[in-house]
Amino acid sequence: MTHTVEKIGGTSIANTPVILDNVLIADREGDDLYNRIFVVSAYAGMTDMLLEHKKSGKPGVYALFASAENKWQWSEALTELSQAMREKNEEIFGDHPDRKVADNFVLERVEGVRNCLIDLHRLCSYGQFRLDEHLMTVREMLAALGEAHSAHNTALLLRQREINAVFVDLTGWRDEEKMTLDERIETSFKGIDFSKELPITTGYASCLEGMVKLYDRGYTEVTFSRIGALTQAKEAIIHKEFHLSSADPKLVGDDKVRKIGRTNYDVADQLSNMGMEAVHPKAAKGLRQAGIPLRVKNTFDPADAGTIITEDFMPESPRAEIVTGLQSVYAFELFEQDMVGVKGYDAEALKAMTRHKLWIVSKCSNANTITHYVSGPRQSLKRAAADIEAVFENAEVSFRKLAIVSVIGANLDVPGLTARATTALHEGGVKLLGLHKLTRETDLQTIVAEEDYDEAVKILHRALVEDNEDTADKADTDIAAAA
């Protein structure tokens, strides 16, 4: 256990000079440059162009190919993607000969994909073949393009600086043999000497399980986690464009937030549930089971030790560490007068929500009502509601939009925490619509109106983090220990 496995996100890898100066090279020389494995995401915006925009839903190549509205619009989008990739190459390499190498790599991959999709479109014009049966494979193939582009470029850049970088392509490009994820990783890393070679690895890995199918766009961190486990890394490091902090600095102010410093995997799981991913929950599970600590570092603050996440960390004094949450969540409510003492309602509701791919954030129930707090398209909610009402004729299913603001900590067993939170919201003019706190003492969820989200985060952060001198002092101690 002499090496680290490190993941670079899309925003960070897109800032080439900073990532070279602060992460890939920094002040290292000679042997210190090695014993590291880097797993890279696609450059910021590329996966949006390949699949669909993560936030706005604007269709990318995949969404256009899957749509029957314009059968060749996807090809135009693929051309635009190719142009965007080559513009990125120009930005990175300028007039260096490696720019031609990078452009040829892009053209080979993009045109290979284009020919494949044209052939598939032609094949599916015959009645015996259905396009929808192949769409997930198409999505996997397109997702792989972004990571292959960024990893290949990064390896070229490092070789320019006489660093023995190795491009490790896990995408299975033109590979006729199908493998599991573990087989793909073990085969690709076989023979690499970490002490003399610096692997630059694609965040997407082609495998029988289907990375996009299983993890959607969180596949890069799962690849990173599995590489760490299989190569027995001593530490896993994620490089982000920000510190893991007590709240969003854009919301509460840079001078108000505190870097976490140290926490545990329970907190990482709660953050994932709130959409504020320190690491994908499946990736965290793999690192936790392998006994590998995870460090989250700020790309733009390389001298800082960042935040270390371990299995066994527990603060000496209970405290609130982070205030975050989710906007645009729906309360999906199933009411049935005859539910009392009868089993099966919850199971049917879960089946309907799973069928329509709704993400369940939280839930609560009483004698005749089950409420799931979910995230997903409104149309999917309507379909899930119709499915449930078809099974239970007397049931009433409704949904309304709201927000969840969560207070998270490795140990939230703070006397009077819930009372202070509810009092602060009341005095701040924010109406509390619901409250959840489990006995595990890792999170306190408050349900508020969607328009009250920002104010609720500010109020709770001020009341539970900023105004708590003991918390501040202890956090500073933990940060120093992490460093």
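Once the Kirkwood radius over Cα pairs is known for the range 23-175, the Stokes-Einstein relation at 10 °C and 1.306 mPa s delivers a diffusion coefficient of 94 µm²/s.
For N35, what charge total do you get from the other residues with a beta carbon under 14 Å from its beta carbon, if Lys and Arg give +1 and Asp and Glu give -1? Please list the in-between numbers first.
On the way: positive: R28, R36, K196, K234; negative: E6, E29, D31, D32, D193, E197, E235.
Summing Lys and Arg as +1 and Asp and Glu as -1 gives -3.
Among the DSSP helices (H) of the chain, those spanning at least 27 angstrom by Cα along their long axis with an average Kyte-Doolittle hydropathy of -1.0 or more are 73-93, 98-123, 135-160; this is a geometric and hydropathy rule only.
At 222 nm, what value in deg cm²/dmol follows for the chain if DSSP H runs of at least 4 each add -39500 (n - 2.57) and the sum is divided by all its residues, to the nearest 500? So the helix-based figure for the chain works out to -12500 deg cm²/dmol. Projecting the Cα atoms of V465, H356, L444 onto the dipole axis of the chain, where Lys and Arg carry +1 and Asp and Glu carry -1 at the beta carbon, places H356 farthest toward the positive end.
Report, in debye and to the nearest 20, how large the dipole of the range 1-90 comes out about its Cα centre when Lys and Arg carry +1 and Asp and Glu carry -1 on their Cβ. List each step's numbers first, then the result.
Working: 9 positive and 13 negative charges, 79 e Å.
Dipole of the range 1-90, to the nearest 20 debye: 380 debye.
Mind checking the log10 I(q)/I(0) for the range 49-90 at q = 0.15, 0.20, 0.22, 0.23 Å⁻¹? Debye, one equal scatterer per Cα, no solvent, two decimals. Each listed q corresponds, in turn, to -0.36, -0.59, -0.68, -0.73.
Given +1 at the Cβ of Lys and Arg, -1 at the Cβ of Asp and Glu and no other charges, the dipole of the chain around its Cα centre is 860 debye to the nearest 20. Extension gain, D32 to T180, is 50.0 nm, computed as 0.36 nm per intervening residue step minus the present C-alpha separation. For T354 and N15, a Förster radius of 41 Å and the Cβ-Cβ distance give a FRET efficiency of 0.60, rounded to the nearest 0.05.
The accessible surface of the range 107-161, taken with every protein chain in place and a 1.4 Å probe, is 54 percent carbon and sulfur.
When the charge dipole of the range 301-363 is built from unit charges on Cβ atoms (+1 for Lys and Arg, -1 for Asp and Glu) and taken about the Cα centre, the candidate among G341, A303, L326 whose Cα reaches farthest toward its positive end is G341. Across the chain, how large is the tail of the calculated P(r) beyond 42 Å, expressed as a percent of all Cα pairs? That fraction is 23 percent. The packing ranking of peptides 221-233, 30-42, highest mean first, is 221-233, 30-42, where packing means the average number of other beta carbon atoms within 10 angstrom of each residue.
Which order do the peptides 344-352, 391-399, 212-220 take when ranked by the mean count of other beta-carbon atoms within 10 Å per residue, highest first? Intermediate results must be reported in sequence, preceding the final value.
Working: 344-352: 16.8, 391-399: 15.1, 212-220: 18.8.
Most protected by this proxy first, the peptides run 212-220, 344-352, 391-399.
Determine the share of the range 287-346's accessible area contributed by carbon and sulfur atoms, expressed in whole percent, with a 1.4 angstrom probe. Carbon plus sulfur share of accessible area: 47 percent. Packing, as the average of other Cβ atoms within 10 Å across residues, places the peptides 104-116, 257-269 in the order 257-269, 104-116, highest first.
Dipole magnitude for the range 268-377: computed about the Cα centre from +1 point charges on Lys and Arg Cβ and -1 point charges on Asp and Glu Cβ, it is near 380 debye. Per residue, the accessible area of the chain comes to 47 Å², computed with a 1.4 Å probe over protein heavy atoms only.
The values are calculated or read from the model by the stated rules, or taken from the named source; none is laboratory data. This structure is a prediction, so every number in the text was calculated from the model and none was measured. Cβ: placed from backbone, ideal geometry, glycine included. Neighbour counts: every protein chain shown. Keep in mind that these areas ignore ligands, DNA and RNA; they rest on the heavy atoms of the full protein, side chains included. Shrake-Rupley method; radii C 1.70, N 1.55, O 1.52, S 1.80 Å.
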